[in-house]
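Just so it is clear, none of the values below were taken in a lab; they were calculated from the coordinates. Since the structure is predicted, the reported quantities are computational estimates derived from the model, not experimental observations. With ideal geometry, Cβ positions are generated from the backbone for all residues, glycine too; neighbour counts draw on all protein chains shown.
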């Protein structure tokens, strides 16, 4: 089986930045399939501050429904407890089989925080962890990771930092625009923009 790129996140909401980074990384890896995995209870965020998981899941589906490269999984939104990346990787390993090459995509800022994640050594051993390195990003001090994971695992992480386009879009920016009643055209796919308006999501964010 060809490689599969797994990308988990709150997607609150999903936007063009998410999709462009995924496409860039998938192209560099030679991966034909990308699975978006919206989460319900991210360990590093308060789930109470997020839009409902069902809404975020539907926005993801709308964002990629005409792109055969992408699919959207509801697995994490159906789980209780924190959505740890390792648990998701193990789920997709069981689902896709041992022959699948699994890549787990993280943002550049997450690399510096990886030593605080749930069982990071096991995560690195369970898949290929890929970091999206944006232009101008400086590699963080990985001393804490080296102490926790060892030099071999850190070397594997550094080998999988891939350059990605500089995209000046953030979910925080989008939510703020919506709170102020401003247009988000061009920041999210058109179907996502229409669904947010129809459901009045983030109007009071």
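With N set to the residue count of the range 141-205, report its C-alpha Rg divided by 2.2 N^0.38 Å to two decimal places. Display every interim value, and only then the final one.
Numbers: Rg = 19.2 Å, N = 65, 2.2 N^0.38 = 10.7 Å.
Relative to the rule-of-thumb radius for its length, the range 141-205 sits at 1.78.
Quick one: Cα convex hull volume of the range 1-71, Å³ per residue?
Here the figure is 93 Å³ per residue.
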Quiz item: In nm, to one decimal, how far is the modelled label at residue 173 from the one at residue 138, with both set 7 Å along Cα→Cβ?
Solution: 2.2 nm
Quiz item: R0 = 25 Å: FRET efficiency of residue 90 with residue 67, Cβ-based, nearest 0.05?
Solution: 0.40
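Regarding the range 65-128, what whole-number volume in Å³ per residue does the convex hull of its Cα atoms give?
Details: hull volume 7.7 nm³, N = 64.
In the range 65-128, the Cα hull volume divided by residue count equals 120 Å³.
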Quiz item: With each pseudo-label sitting 7 Å past Cα toward Cβ, what's the residue 100-residue 199 distance in nm, one decimal?
Solution: 2.5 nm
Quiz item: Going by how many other beta carbons lie within 10 Å of each one, how would you line up 71, 85, 80, fewest first?
Solution: 80, 71, 85
Quiz item: What number, rounded to the nearest 500 deg cm²/dmol, is the helix-based mean residue ellipticity at 222 nm of the chain, given -39500 (n - 2.57) per DSSP H run of at least four residues and division by all its residues?
Solution: -12000 deg cm²/dmol
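Report Rg/Rh for the chain, rounded to two decimals, where Rg is the Cα radius of gyration and Rh the Kirkwood radius. Intermediate results must be reported in sequence, preceding the final value.
Numbers: Rg = 16.8 Å, Rh = 17.6 Å.
Taking Rh as the inverse mean 1/r over Cα pairs, Rg/Rh reads 0.95.
Please compute the contact order of the chain in relative form: average sequence separation of alpha-carbon pairs under 8 Å and at least six residues apart, divided by the residue count, as a percent. Mind showing how you got there, number by number?
Details: 306 pairs, mean separation 51.3, N = 205.
Across the chain, relative contact order equals 25 percent.
Want the number for residue 158 to residue 79: 0.36 nm per residue separation, take away the alpha-carbon distance, what's left? Numbers along the way, then the final one.
Working: separation 79, 0.36 × 79 = 28.44 nm, distance 3.13 nm.
Difference between extended and current length: 25.3 nm.
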Self-check item: Rounded tilt (10° steps) of 16-29 against the dominant C-alpha axis of the chain
Solution: 30 degrees
Quiz item: Relative contact order for the range 1-101 using alpha-carbon pairs under 8 Å, separation at least 6, rounded to a whole percent?
Solution: 35 percent
Quiz prompt | Distance between the range 1-60 and the range 157-205 - C-alpha centres, whole angstrom | solution = 13 Å
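What ranking do 109-118, 18-27 get when scored by the average of other Cβ atoms within 10 Å per residue, highest first?
Details: 109-118: 16.0, 18-27: 19.1.
The most tightly packed comes first, giving 18-27, 109-118.
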